[in-house]
1. Which whole-Hz couplings ³J(HN,Hα) result when phi for each residue of the range 164-171 is put into the Karplus expression 6.51 cos²θ - 1.76 cosθ + 1.60, θ = phi - 60°, listed in order with x for Gly and Pro?
2. Keeping the other protein chains in place, figure out the carbon and sulfur percent of the accessible area of the chain, with a 1.4 Å probe.
3. Under 11 Å from the Cβ of Q64, count the other residues' Cβ atoms, weight Lys and Arg +1, Asp and Glu -1, and hand me the total.
4. Starting from the Cα-Cα distance between D207 and K410, subtract it from 0.36 nm times their residue separation and give me the gain in nm to one decimal.
5. So who's got an amide H within less than 5 Å of the one on Q188, skipping anything under 5 residues away but keeping other chains? H placed 1.01 Å off N, in plane.
6. Find how much the distance from K264 to L232 grows on full extension, using 0.36 nm per residue of separation minus their present alpha carbon separation; answer in nm with one decimal.
7. Using the structure shown, list the pairs from K276/K357; K281/K357; K210/K281 with a Cα-Cα distance above 30 Å, or answer none.
8. Lysines within cross-link reach of K204: Cα-Cα under 18 Å, excluding same-chain residues under 8 positions apart?
Amino acid sequence: MKVFIETYGCTYNQADSQIMAGLLKDNGIDLTDNIEDADAIIVNTCYVKLPTENKVTYRIQKLQKEFPDKKVIVGGCMVEIDGEKLEKVGPDCCWIGPHKLNHVADVVKGACNGNIVREHGFTKDSKVGLSKVKNNPYVHIIQICEGCTGVCTFCCTRFARGSLNSYPIEDIKKEAQLAIDNGAVEIQLTAQDTASFGLDTGEKLSDLIKEVANLEGDFRVRVGMMHPRNLLRDLDGTIDAFKHPKVFNFIHLPVQSGSDKVLKEMNRLHTVEEYKDIVNKFKQAIPNLTLATDIIVGYPTETDDDFKLTCDLLNEVKPSLIHLSKYQHRKGAISSSLKEVPHEVMKKRSKFLSDFKVEITKKENEELLGSIQKAVVVEKGSKGGFIAKSDSYLPIVVDDVNLGDFVNIKISETTATYLKGTVVM
């Protein structure tokens, strides 16, 4: 019995797939990288955006037609968000919900025996310390909690991940130490909102970061996305934790809009001034900080003036990474009852911000030309060479290194998306 796993979406979903692979292996079920050899195919879906929904829906349908003798098992957010649509596109598919990963071996065995097995629904089971099969042994993802405390009007992911469920710091430390002992040089702490960690248990993200960073070994810690509202609850403590030399100088802090009116209508529960205050305090404490943010273009109530305010904010805080999304209705989301912004208006705004994003990142990277960056080599490049991550978590293409090396790199070339350099002593 062999299983092929195909994964869509975020770092959290990647970790779910790694856990499923580990649990299958523990149960004597083989994994394969060749879909032709598989008896069963697991499609771990993402449902955060409409294009992704369309992509995974098409893929599920195509797999059933292309491989009628193989069993298709659907996992991920689609299972919890849109079972009605999944039933239509894959009436004979088995399901494995994101909260029922410990049942994955039973689902696979049942599917291969000709049964339609569907495990879904919510639990409070911990995902820390479970077996994992990783594609890259140098990068280890740890899910520190699942679910969130937010009620953003545009989001459907919260319907899949449920209410906040934080995992114990001691358990997270044990998994991190084991990964480091086995050669991992990058520990990624991930969640739907890492800043919400511990709000249900009395623990704090800042304490977790410090505890992990103080573990024995040579490694770096990358902290995943933080909601500004929850970060404000322990801003000074979190900034102090980020000062640790083993923590990447990188924050992913989605703002979504530069208009207080739109933020209120999105139910983001923070203001533009609060966002700017967070960024300014981080940059004052950590001068080489890389800021990543998310912007939704064309939220239904966004006017031209609101869009201008977003542009003004980005011009002021100058994020090194901007993830742009054109607004589209999502199943169950509160904002889906609103009238969408005309397509041409949204397209024009998106194009303007896309060009603006390239301009910002290109200038930011050009300022690093000739500098020497401390970095850790984490993966092979898709077009040759290796990818190292600087202390500011910027990707650097470099040759003549080994995976897992900590090196100094002199930057010889820059683009809007990456740096290139050579190792120096």
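1. For the range 164-171, the Karplus-derived couplings read 4, 9, 7, 9, x, 4, 4, 5 Hz, x marking Gly and Pro.
2. Whole-percent figure for carbon plus sulfur exposure: 49.
3. Net of charged neighbours comes to +2.
4. 69.7 nm
5. H140, I141, I142, R222
6. That works out to 9.8 nm of additional length.
7. Flagged as over cut-off: nothing, all pairs pass.
8. Those lysines meeting the cut-off are K173, K174, K243.
The values are calculated or read from the model by the stated rules, or taken from the named source; none is laboratory data. Keep in mind that this is a model prediction, so the values were computed, not measured. Because the Cβ atoms are built from the backbone with ideal geometry, glycine has one as well, and the counts that use them run over all protein chains shown. Side chains included, ligands, DNA and RNA excluded: accessible areas come from the protein's heavy atoms. Shrake-Rupley method; radii C 1.70, N 1.55, O 1.52, S 1.80 Å.
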